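Here's the structure we're looking at; comments come further down.
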Ligand SMILES: NC(=O)c1ccc[n+]([C@@H]2O[C@H](COP(=O)([O-])OP(=O)(O)OC[C@H]3O[C@@H](n4cnc5c(N)ncnc54)[C@H](O)[C@@H]3O)[C@@H](O)[C@H]2O)c1
């Protein structure tokens, strides 16, 4: 129970990787703020955790909205008096070849994946700086480091998150706040379930470990980065990708 007494807010945590992160940090002893644009699903996930004895609230919020991001952080603090951990996990894809990509698909992916992380981090950082402690983890992607055809918007948002991580890490380092990123490879979730079976098989072949990852694989890396053991780790990008990108 390394996180006893800590409060963790995870965006996009109604399902998928975010939910697994919430479950893992709860198992490690943290109080949890489930947050998602899907209000009902967020409440259902929070209820699941509550039934296991976790202190948890659900907050419906669209991370791409500045007002929502501020309200989200304020609600977390009003409930639990402090905020120790923020995981910027909310993300979307709107795939398509660049030459045909609409401006709207570009904007919506950048607004949720990159601007959303900025808005939530900005709201939380003010508080963490006063606390002189905090842990921020941004969920990037291997695609932000390698690129991927059909995902210029997504790749740009996830590469942008790495820049945001490093710049924020430098700004917050003397305040006891660490900022790191995780770059998952291909993880079995609703996002990858949308891919045709043949494409998923081809993908697995390219992964040295010959399998997609699990949400729990990602959650374990988050658990390390938010723990005391990682207090001298900041501005880093940890790949959780079965060896797909070695750098
Ligand atoms: N699945 C993968 O293979 C994979 C690989 C690398 C990175 N990632 C990243 O991991 C994160 C989680 O992905 P996932 O596979 O669990 O996807 P998912 O679609 O299952 O979950 C994403 C969650 O974010 C929520 N969300 C979407 N827009 C939001 C908004 N504007 N405000 C608040 N919440 C919003 C969704 O409602 C959903 O609950 C994403 O950032 C994704 O880019 C996923």
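None of the figures in this text is laboratory data; all of them are computed from the coordinates on show. Please read these numbers as outputs of a predicted model, since none were measured by experiment. All Cβ positions, even for glycine, are placed from backbone atoms using ideal geometry, and neighbour counts span all protein chains on display.
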**Report entry** Rounded to 10°, Cα long-axis angle of helix 116-131 versus longest principal axis of the chain
**Finding:** 30
Requested in this report: Quick one: angle between helix 39-50 and the longest Cα principal axis of the chain, in degrees between 0 and 90, rounded to 10, please.
Outcome: 60
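Please order 109, 137 by the number of other Cβ within 10 Å, starting at the fewest. Write down the numbers at each step before the final one.
Working: 109 24, 137 27.
Listing 109, 137 from fewest to most nearby Cβ atoms yields 109, 137.
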Query - Coordinate range along principal axes, alpha carbons of region 102-170, Å, largest first - result: 42, 24, 14
Query raised in the report: How high is the relative contact order of region 125-247, given as a whole-number percent (alpha carbon pairs under 8 Å, six or more residues apart)?
Result: 32
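How do 193, 28, 107, 36 rank when sorted from fewest to most other Cβ atoms within 10 Å of their own Cβ? Can you show the working numbers first?
Details: 193 9, 28 18, 107 14, 36 27.
By the 10 Å Cβ count, ascending: 193, 107, 28, 36.
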Report summary line: Per the helix-only model, the chain has a calculated mean residue ellipticity at 222 nm (DSSP H runs of ≥4, -39500 (n - 2.57) each, divided over all residues, rounded to the nearest 500) of -14000 deg cm²/dmol
Report summary line: With label points set 7 Å from each Cα along the Cα-to-Cβ direction at residue 66 and residue 233, the distance between them in nm comes to 3.4
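I need the calculated FRET efficiency for the pair residue 171 and residue 148, taking r as the beta carbon distance and R₀ as 35 Å, to the nearest 0.05. All intermediate terms of the calculation are to be shown ahead of the outcome.
Working: r = 30 Å, r/R0 = 0.85.
For residue 171 and residue 148, the calculated efficiency is 0.75.
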Report summary line: What the 5 Å binned alpha carbon P(r) of the chain shows, as percent of pairs per bin from 0, is 1, 7, 14, 19, 21, 17, 11, 6, 2, 0, 0
**Report entry** Residue order, fewest to most surrounding Cβ atoms within 10 angstrom, among 129, 1
**Finding:** 1, 129
Report task. Kindly list the residues of region 19-43 that lie in the label zone of residue 104, defined by a backbone N under 15 Å from the point 7 Å along the Cα-to-C-beta vector. Result -> none
Query - Percent RCO, i.e. relative contact order, over the chain, from Cα pairs under 8 Å lying at least 6 residues apart - result: 19
Query - Rounded tilt (10° steps) of 66-80 against the dominant C-alpha axis of the chain - result: 40
Query - Label-point separation in nm, residue 205 to residue 95, each point 7 Å along Cα→Cβ - result: 1.7
